[in-house]
Amino acid sequence: VVEGTHRIRGDINVLLLGDPGIAKSQFLKSVQKIFYRSIYTTGKGASAVGLTASVKRDHSTNEWKLEAGALVLADKGVCLIDEFDKMNEHDRTSIHEAMEQQSISISKAGIVTTLRARCSVIAAANPLQGRYNSQLSFSENIDLSDPILSRFDILNVIRDEVNEDIDYNLSTFVINLHIKNHPYKEQYELTDNLMPEADTRPKVDCQFLREYIRYARERIRPELPEKHLGLINQFYVKLREESKISGGMNVAVRHIESIIRVAI
């Protein structure tokens with residue numbers, strides 16, 4: 001919190017842009033299972049009021065009441081938005097305030113209030129032309145405006161590239177998963193021979209990871225040493241220069257805060 005001004009957002013917003021069929025939706029579902037407070041929604045089924053808040057009349061009392069949307073329900077947690085590119089521009093514009101100020105202002109039916117939406121936003125989207133084109137900039141690969149893109153701290157590209165080893169391992173995993181979940185699996189004696197060797201690496205229990213994240217968010221308060229301020233300044237200036245030369249997405253003052261959030 002900056003004294004006398006406003007609260008600086010500490011939660012990191014992430015946009016996953018990737019080719020179809022590389023498990024972006026499954027990744028969001030996994031985050032939903034692990035995170036102790038999470039709301040999952042899709043761009044196709046989410047409207048502006050569904051993401052923020054709506055005012056409806058209570059038929060029993062005939063009074064107006066507030067109904068929280070996904071971002072408000074995810075307060076102090078994470079809001080997962082799949083198919084972010086399928087949302088219309090009006091609905092995306094409605095979450096600008098929530099993604100930056102982490103609040104939602106309501107002024108409807110005589111109700112004037114501000115709701116808290118202190119959450120990270122993790123969104124997944126598909127490239128504009130179906131597959132990511134490395135010859136184009138990030139902003140040219142997705143139909144999103146600069147104001148909404150600038151509110152994401154991390155823009156992550158996931159490409160479905162041809163790799164014999166990775167493709168073989170992925171195919172083996174899917175086939176074995178099908179065999180393991182087959183309803184008549186116990187009737188086949190050779191099933192176990194088709195399964196890959198057990199992974200000897202230690203696995204992290206989901207419940208442990210959930211509690212670890214909760215502990216870190218509640219107890220850890222990272223601070224940025226003053227000696228590193230010069231490095232951030234240099235990095236920001238370099239990004240601005242590269243953006244101008246390459247003709248890519250504009251780098252604005254808002255990205256300085258993004259650099260700080262990712263750094264600490």
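Things worth noting here:
- Residue match in segment 126-134 (condition: loosely packed, with under 15 Cβ neighbours inside 10 Å and of a type in the set (Ser, Thr, Tyr)): yes
- Some residue of segment 124-136 being assigned to a strand (DSSP E or B) and in contact (Cβ under 8 Å) with a residue 12 or more places away in the chain: yes
- Among the residues of segment 20-35, the one identified as in contact with an Asp or Glu (Cβ under 8 Å, 6 or more places away or on another chain), surrounded by 13 or more Cβ atoms within 10 Å (Cβ to Cβ) and assigned to a loop (DSSP other than H, G, I, E, B) is 22.
- Whichever residue in segment 219-253 is in a helix (DSSP H, G or I) and of a type in the set (Gly, Ala, Ser) and, among such residues, is farthest from residue 154 (Cα to Cα): 230
- Residue within segment 21-28 that is more than 30 Å from residue 167 (Cα to Cα) and at pLDDT below 90 present: no
- Any chance residue 60 is in a loop (DSSP other than H, G, I, E, B), more than 17 Å from the chain's Cα centre (by Cα) and farther than 20 Å from residue 25 by Cβ: yes
- Applying the condition of being basic (Lys, Arg) and outside any loop (DSSP other than H, G, I, E, B) to segment 150-205 and asking which residue is modelled with the lowest pLDDT yields 185.
- Which numbered condition residue 222 fails, given (1) surrounded by 12 or more Cβ atoms within 10 Å (Cβ to Cβ); (2) of a type outside the set (A, V, I, L, M, F, W, C); (3) at pLDDT 80 or above: (1)
- Some residue of segment 69-79 being in a strand (DSSP E or B) and out of contact with any helix residue (DSSP H, G or I) (no Cβ under 7 Å at 6 or more places or on another chain): no
- Count of segment 36-57 residues, restricted to those that are in a helix (DSSP H, G or I) and β-branched (Val, Ile, Thr), is 1.
- Residue list for segment 90-113, restricted to those being without any contact (Cβ under 8 Å) to a residue 24 or more places away in the chain, exposed (fewer than 15 other Cβ atoms within 10 Å of the Cβ) and either more than 22 Å from residue 80 (Cα to Cα) or of a type outside the set (S, T, N, Q) (or both): 107, 112
- Residue within segment 139-146 that is touching a Phe, Trp or Tyr at 6+ places or on another chain (Cβ under 6 Å) and either within 20 Å of residue 17 (Cβ to Cβ) or in contact (Cβ under 8 Å) with a residue 24 or more places away in the chain (or both) present: yes
The values are calculated or read from the model by the stated rules, or taken from the named source; none is laboratory data. Remember, predicted model here, so these are calculated numbers, not experimental data. No Cβ is skipped: glycine too gets one built from the backbone with ideal geometry, and neighbour counts run over all protein chains shown.
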